[in-house]
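These notes are about the structure you will find just below.
The values are calculated or read from the model by the stated rules, or taken from the named source; none is laboratory data. Not measured: the values here are computed from a predicted model. Cβ placement follows ideal geometry from the backbone for every residue including glycine, while neighbour counts extend to all protein chains displayed. Please note that ligands, DNA and RNA were not included when accessible areas were found on the heavy atoms of the full protein model with its side chains. Shrake-Rupley method; radii C 1.70, N 1.55, O 1.52, S 1.80 Å.
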Amino acid sequence: MKISLNWLKDYIELEQPLSAIVEKLTLGGVEVEEVKEVGIDEQKIVVGEILSWRNHPNADRLRLCEVFTGTEKLNVVCGAKNFDTGDKVALALPGAVLPGGVQIAERKIRGEHSYGMLCSEKELGLSDSAEGIMILPREAVVGSPLPSLFPRDALLDLEITPNRPDLLSYIGMAREMAALGLGKLKLPGFLVHPCLEPLGQDTLRVVIENIKKCPFYSGCLLENVHVGPSPLWLASRLKASGFRPINNVVDITNYVLLETGEPLHAFDADRLGAPEIHVRDARRGELFAGLDGKEYELIESDLVIASSTRAEALAGILGGIHSAIGESTTSLLLESAWFDPGTIQQSSNRLAVATESSYRFARRVDPQVVLPARKRAVELLQKMTGARLVGKTESGSLPETKHSITLRAQKLEKFSAFSWPEEEIKKKLLSLGLSLKEETQEGYRWEIPSFRPDLQIEEDLIEELVRLKGLDGFPSRVPPGFALPSQSEKQWDKILSLKQALASKGYHECITIPLLKDDQQPDKLSLSNPSSVHYAKLRSSFLDSLLGVASTNWRRGNKEIKIFEVGALFFNAQGMVKEELCLGILIGGEMGSLHWTGKPRKIDYYDLKQITDYLEEKKGFYKEERRHLQEIHPGAPFDIPFPCFYAEYSLEEWKKREEEIPLYHPLPSQPAIRRDIAIIVDKKLQHQEILNAITDQHVPFLESIELFDLFEDPLGSRIPQDQKSMAYALTFRAPDRTLTDDEINVIITKIKEGLRGKIPCSFRE
């Protein structure tokens, strides 16, 4: 949100310099992203009036203008075309220095004298763009210095967190800055007395058909409205806050929105037909023509403001083109309402329409500002457009938001490790707008204002006190000893170690969003209020996400796909959403680079098996935690031209298990002896069964067993067709001496006898 300090001074007496304001706001949790100083302080830039103009006799693209300065007439050469006789303009006299450092002097341009320069907004530092010279309002006094119309100002671009909708207005920011000790708050009178004068019988009728989505709706009917340009002060304030001036009626609604945080909307009453408004659910397939020139197809979950013939506005989001305020408008209906935040957010996301109104309604507008904002807008309309209030109505009731929180001094001291004076606690909480209801044995009970929906529990009040005091307000101290890592910290370290281990094996980590498109895994969990209609389902596997990453990498020339992701997967557990931390691994493509010593080889299933064996043997994974170990064939939906191989593990139990501490083993001092044996077994027999048959014999001095060859004979000329030969390398070592061949021969014989007794097999000699 952009705010102007000059405008802000209407609601707070600032007592600190700009640097202190920026620092305190940032430390108080309101990040200042940019500070921009604007305005004019050059007294030789004045308001001029175009008396006449003619084309430059020696240049087709230039004009020779006669400009009145209030005391004299000057000839000025200008290249712009957007002005005419009688227009008020910004005239830089000879000797003036523009914000960019350009000094204006009397010059001769194509044979004609020019005694100054007609300036654009960009040249004056008032805007980042320029379309011709700046045309001033008709009421500008000729000859007056421009600094009186555009005084120096500081514009702050603020990052407002979603939990603080109260800061999306000038009054809200003034409250916050006063609480931070930056000045004294000055609340306007319409907040204290928000009611309009009684008018007798209402001439408007409002029917709320869905009270849940719209608990309260009010409308004011005004006649004798004169639509035209806004005065300079109003247009300047809107521009400073990032709004484009349109006309005095629309600008007033935007002005009140920025001032109070309550979005308003004005309808052309004559275009509505009968003075009757229906706040209803949209009909499936109903078409709505918005002010942005687009047509939207609505569904039942959308809320509309409708006349008897059509939807006139998308409630809380966008007005309609058919009832828009225009130059011919003479009567208007002013809307001030409170809409359900979830409804506004859902429709805004589904239709991909984000407006200043939807931004505030989706974050929850303060119910207690609905009527004051209405009164403020009516007063401004009466003053600036000559409007006359002829009718008003209210339907429904504003949501009750009052609640109280008990703050205990003992808990405050425990959480903040600081002894708080009682008066300091009261002063800070009162500055936030809280009111002290009573003092009990437990502590003080504070009533929370309606504009602070983020304050719900005692810890919220403690956080506010610490925030207002600032970290520099607490004494420093050295912790007494070392803090042992928590369980969550241990789990974090274990997951980080896993990621580093996979990276050391040549795998690349991916981070993808946990949402899927509607056409991906259609049977999966759906979000009731998705941020995008295109991504509305929660993933239950990494496969689609990782295949998308693999496809992108392949198309851009990366032929070796070895990727993994650690993240959350979501499952339906008897009607409840179950979230699990999981690991997904995907490989495919070609391994190795082009080289004269050999060609790259295709990545296959055994490459995946290698990494799963590593995880299960070295990193403590259980086979029962492995959910998938599969091949993905080439083709749709990602058009990958090679097979991929995918593995998935649940990490929920693994991350809780204590990791084995690696033990130091000195380098062996005795030599090893290797013997190879080739076993012929049935094709159906697995490697693990042979491995178990050897290790179960508790062979002395056996250090390792490695399978290094697998042979099958389809023709059956060397070994039977239904059998296979598996060759193992057995490594032996004694810790204190060199083993002899005779000792090893005896051990090998016993191993073979043991294998014959456990499994049907023979040996190739």
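When you scan the range 657-665, do you find a residue that is under 26 Å from Ser762 (Cα atoms) and part of a loop (DSSP other than H, G, I, E, B), even just one?
No, that holds for no residue.
Per-residue answers, yes or no, for (1) surrounded by 14 or more Cβ atoms within 10 Å (Cβ to Cβ); (2) at positive phi; (3) in contact with a Lys or Arg (Cβ under 8 Å, 6 or more places away or on another chain); (4) modelled with pLDDT of 90 or more:
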site	(1), (2), (3), (4)
Pro480	no, no, no, no
Leu498	yes, no, yes, yes
Leu502	yes, no, no, yes
Lys524	yes, no, yes, no
Leu547	yes, no, no, yes
Ala550	yes, no, no, yes
Phe570	yes, no, yes, yes
Ala573	no, no, no, no
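Across the range 70-93, which residue is least open to solvent (accessible area, probe 1.4 Å) among those that are touching a strand residue (DSSP E or B) at 6+ places or on another chain (Cβ under 9 Å) and free of Cβ contacts under 8 Å to residues at least 24 places away in the same chain?
Start the filter on the range 70-93 by keeping residues that are touching a strand residue (DSSP E or B) at 6+ places or on another chain (Cβ under 9 Å), which leaves 70, 73-93.
Of the ones still in play, those that are also free of Cβ contacts under 8 Å to residues at least 24 places away in the same chain are 73, 79.
Numbers: Lys73: 132, Gly79: 46 Å².
Checking each candidate, the answer is Gly79.
What's the number of the only condition in (1) at pLDDT below 95; (2) of a type outside the set (D, E, K, R); (3) touching a helix residue (DSSP H, G or I) at 6+ places or on another chain (Cβ under 8 Å) that Leu257 fails to meet?
Every condition holds for Leu257 apart from (1).
Which condition from (1) closer than 30 Å to Arg360 by Cα; (2) touching a Phe, Trp or Tyr at 6+ places or on another chain (Cβ under 6 Å) is the one that Leu74 breaks?
(1) is the only condition that Leu74 fails.
Would you point out which residue out of Leu149, Leu185 is in contact (Cβ under 8 Å) with a residue 40 or more places away in the chain and over 25 Å from Ser19 (Cβ atoms)?
On the way: Leu185 fails: over 25 Å from Ser19 (Cβ atoms).
One residue alone meets the criteria, Leu149.
Tell me which residues, restricted to the range 127-141, are open to solvent by 40 Å² or more (accessible area, probe 1.4 Å), part of a loop (DSSP other than H, G, I, E, B) and within 24 Å of Thr85 (Cβ to Cβ).
To start, the set of residues in the range 127-141 that are open to solvent by 40 Å² or more (accessible area, probe 1.4 Å) comprises 128-131, 135, 138-139, 141.
Subsequent filtering for residues that are part of a loop (DSSP other than H, G, I, E, B) retains 128-131, 138-139, 141.
Once the filter is applied, which keeps residues that are open to solvent by 40 Å² or more (accessible area, probe 1.4 Å), part of a loop (DSSP other than H, G, I, E, B) and within 24 Å of Thr85 (Cβ to Cβ), the range 127-141 yields Ala130, Glu131, Arg138, Glu139, Val141.
Before we move on, is Gln723 over 28 Å from Lys618 (Cβ atoms) and in contact with a Lys or Arg (Cβ under 8 Å, 6 or more places away or on another chain)?
Details: over 28 Å from Lys618 (Cβ atoms): yes; in contact with a Lys or Arg (Cβ under 8 Å, 6 or more places away or on another chain): yes.
Yes: the conditions hold for Gln723.
Within the range 643-656, take every residue that is in a loop (DSSP other than H, G, I, E, B) and without any contact (Cβ under 8 Å) to a residue 60 or more places away in the chain and give me the one that is nearest to Val549 (Cα to Cα).
Step one: filter the range 643-656 for residues in a loop (DSSP other than H, G, I, E, B), giving 643, 651-653.
Filter once more, keeping what is without any contact (Cβ under 8 Å) to a residue 60 or more places away in the chain: 643, 653.
Details: Pro643: 15, Glu653: 28 Å.
Here the residue is Pro643.
Can Ile317 be described as farther than 30 Å from Leu149 by Cβ, in contact with a helix residue (DSSP H, G or I) (Cβ under 7 Å, 6 or more places away or on another chain) and at pLDDT 95 or above? Walk me through it before giving the result.
Values: farther than 30 Å from Leu149 by Cβ: yes; in contact with a helix residue (DSSP H, G or I) (Cβ under 7 Å, 6 or more places away or on another chain): yes; at pLDDT 95 or above: yes.
The answer is yes for Ile317.
Could you list, in sequence order, all residues of the range 699-732 that are over 15 Å from His687 (Cβ atoms) and open to solvent by less than 60 Å² (accessible area, probe 1.4 Å)?
Here is the first cut: in the range 699-732, the residues over 15 Å from His687 (Cβ atoms) are 699-703, 713-722, 731-732.
Across the range 699-732, the qualifying residues are Val699, Leu702, Asp713, Gly716, Ile719, Thr731, Phe732.
Which condition from (1) surrounded by fewer than 23 Cβ atoms within 10 Å (Cβ to Cβ); (2) touching a Phe, Trp or Tyr at 6+ places or on another chain (Cβ under 8 Å) is the one that Pro263 breaks?
The one condition Pro263 does not meet is (1).
With respect to Leu380, determine if the residue is open to solvent by less than 20 Å² (accessible area, probe 1.4 Å) and not small (Gly, Ala, Ser).
Values: open to solvent by less than 20 Å² (accessible area, probe 1.4 Å): yes; not small (Gly, Ala, Ser): yes.
Yes.
Could you grab me the full set of residues in the range 364-402 that are under 30 Å from the mean Cα position of the chain (by Cα) and touching a residue at least 40 places away in the same chain (Cβ under 8 Å)? Write out each step before concluding.
Taking the range 364-402 and keeping what is under 30 Å from the mean Cα position of the chain (by Cα), we get 364-370, 373, 398-402.
Once the filter is applied, which keeps residues that are under 30 Å from the mean Cα position of the chain (by Cα) and touching a residue at least 40 places away in the same chain (Cβ under 8 Å), the range 364-402 yields Arg364, Val365, Asp366, Pro367, Gln368, Val369, Val370, Ala373, Leu398, Pro399, Thr401, Lys402.
Being outside any loop (DSSP other than H, G, I, E, B), of a type in the set (Phe, Trp, Tyr) and in the same structural domain as Ile587 (by the TED database): is that true of Trp446 here? Even if it seems obvious, please write down each step before you answer.
Details: outside any loop (DSSP other than H, G, I, E, B): yes; of a type in the set (Phe, Trp, Tyr): yes; in the same structural domain as Ile587 (by the TED database): no.
When the stated conditions are applied, Trp446 does not pass them.
Considering only residues that are touching a strand residue (DSSP E or B) at 6+ places or on another chain (Cβ under 8 Å), more than 28 Å from Ser144 (Cα to Cα) and touching a residue at least 60 places away in the same chain (Cβ under 8 Å), which ones fall in the range 15-56?
Glu15, Gln16, Leu18, Ile21, Val22, Leu25, Val30, Glu31, Val32, Glu33, Glu34, Val35
Might you let me know whether the range 593-615 holds any residue that is at positive phi, in the same structural domain as Pro514 (by the TED database) and surrounded by 13 or more Cβ atoms within 10 Å (Cβ to Cβ)?
The answer is no; no qualifying residue exists.
Outside any strand (DSSP E or B), over 30 Å from Lys490 (Cα atoms), open to solvent by 70 Å² or more (accessible area, probe 1.4 Å) and not small (Gly, Ala, Ser): does that describe Pro735?
On the way: outside any strand (DSSP E or B): yes; over 30 Å from Lys490 (Cα atoms): yes; open to solvent by 70 Å² or more (accessible area, probe 1.4 Å): yes; not small (Gly, Ala, Ser): yes.
Answer is yes for this residue.
Quick check on the range 14-68: of everything there that is outside any loop (DSSP other than H, G, I, E, B) and touching a His at 6+ places or on another chain (Cβ under 9 Å), which residue is nearest to Arg164 (Cα to Cα)? Spell out the reasoning first.
To start, the set of residues in the range 14-68 that are outside any loop (DSSP other than H, G, I, E, B) comprises 14, 18-27, 31-38, 45-55, 63-68.
If we keep only those that are touching a His at 6+ places or on another chain (Cβ under 9 Å) as well, we get 63-64.
Numbers: Arg63: 53, Leu64: 54 Å.
Ranking the qualifying residues of the range 14-68, first place goes to Arg63.
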